[in-house]
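Data first, discussion second: the structure below is written as C-alpha cells.
The values are calculated or read from the model by the stated rules, or taken from the named source; none is laboratory data. Bear in mind the structure is a predicted one, so any value in this text is a computation, not a measurement. Neighbour counts run over all protein chains shown; Cβ positions are idealised from the backbone, glycine included. Ligands, DNA and RNA are stripped out before the accessible areas are found, and what is left, the full protein with its side chains, is counted by its heavy atoms. Shrake-Rupley method; radii C 1.70, N 1.55, O 1.52, S 1.80 Å.
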Amino acid sequence: MTRPTETAVATEPVGDAVIIARSKDEPELFAQIFRRHAPVIQRYVTRRLGPSVAEDVCADVFLAAFRQRHRFAPDRLNARLDARPWLFGIATNLVGRHRRAEIRALKALERTGVDPVTEAFEVSSDARLGAGAVNRRLAAALAALRPVYRDALLLVAWGDLTYEEIAVALGVPVGTVRSRVNRARSRMRAALGGADPTSIQEDL
C-alpha cells in the first residue's frame with residue numbers, strides 16, 4: 001500500500017512591517033531588514049556620493065532605521081508594508097548632509113564618465129565609451145539641479161520608487177513629488193539638448 005504523496009506548502013515571505021514590529025521586542029530580527037535592503041541602498045548611496053563615502057553612510061542608514069523602528073507603522077496606502085521607501089527617505093536625508101561629497105562625485109563622473117556602480121559590469125570598451133559620454137552629460141545636468149529636484153528625480157531613476165513611495169520617503173504630498181520630478185525632468189531635458197531623461201534611466 002502506497003502512501004499519498006505529500007504536497008509541499010509554499011510559505012509567503014514575512015513582510016518588512018511584520019519583521020520590524022517583532023524587532024521591537026526581538027532586536028536581532030532587524031538584521032533581516034538589513035540583509036534584504038542593504039544592497040539596493042548601498043547602490044543608491046554609492047551613485048550619489050561615490051564609493052569612498054557610501055559604505056559609512058549606508059551603515060548609518062540602517063543604524064538610524066534600527067533606532068527609529070518604533071516609529072515605523074504600515075499606513076492606509078500600504079506604502080509602509082515595504083521598508084524601502086522608509087529606508088530611502090533616511091538615505092536621502094543623510095545624503096543631504098554630504099552635499100559637497102555628492103557634487104564632487106557628480107563632477108568626477110562628469111570628468112571621467114565612469115559610473116562607480118556599473119564600471120565593473122562594462123566589459124566592452126565600446127560600452128564604456130558610449131556609457132561614458134552619456135554619463136558625463138547626465139552628471140553635469142544633475143549637478144546643476146536644486147537638491148530637492150535632484151532627490152525626487154533620483155529616487156525615481158536610481159531608487160526605482162513610485163511617486164507614492166517617494167512621498168512617503170520624503171514626507172511630502174504626492175502632488176509635490178510630481179511637481180518636483182516634472183521640473184527636474186524639464187531642466188534635465190533642456191540641459192541635454194531635448195533628450196528625454198526618462199528614456200535613459202538605465203544610464204542615470
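Give the residues of segment 1-34 that are in a loop (DSSP other than H, G, I, E, B), modelled with pLDDT under 95, open to solvent by less than 100 Å² (accessible area, probe 1.4 Å) and of a type in the set (D, E, K, R), sorted by residue number.
Lys24 - this is the single residue of segment 1-34 that is in a loop (DSSP other than H, G, I, E, B), modelled with pLDDT under 95, open to solvent by less than 100 Å² (accessible area, probe 1.4 Å) and of a type in the set (D, E, K, R).
If you check Ser186, Ser179, which single one turns out to be in a helix (DSSP H, G or I) and modelled with pLDDT of 95 or more?
Values: Ser186 fails: modelled with pLDDT of 95 or more.
Ser179 is the lone residue from the list that is in a helix (DSSP H, G or I) and modelled with pLDDT of 95 or more.
Here are some residues: Leu49, Leu29. Which one is on the phi < 0 side of the Ramachandran plot and touching a Lys or Arg at 6+ places or on another chain (Cβ under 6 Å)?
Only one candidate qualifies: Leu29.
Go through segment 69-107 residue by residue and tally those that are surrounded by 13 or more Cβ atoms within 10 Å (Cβ to Cβ), outside any helix (DSSP H, G or I) and modelled with pLDDT under 85.
Result for segment 69-107: 1.
Which of the numbered conditions does Pro116 fail, given that it passes all the others? Conditions: (1) in a loop (DSSP other than H, G, I, E, B); (2) at pLDDT 75 or above.
(2)
If the Cβ limit is 8 Å and pairs must be 6+ apart or interchain, which residue in segment 12-30 that is small (Gly, Ala, Ser) pairs with which residue that is open to solvent by 60 Å² or more (accessible area, probe 1.4 Å) and at pLDDT below 95?
From segment 12-30, the pairs are Gly15/Leu81; Ala17/Pro74; Ala17/Leu81.
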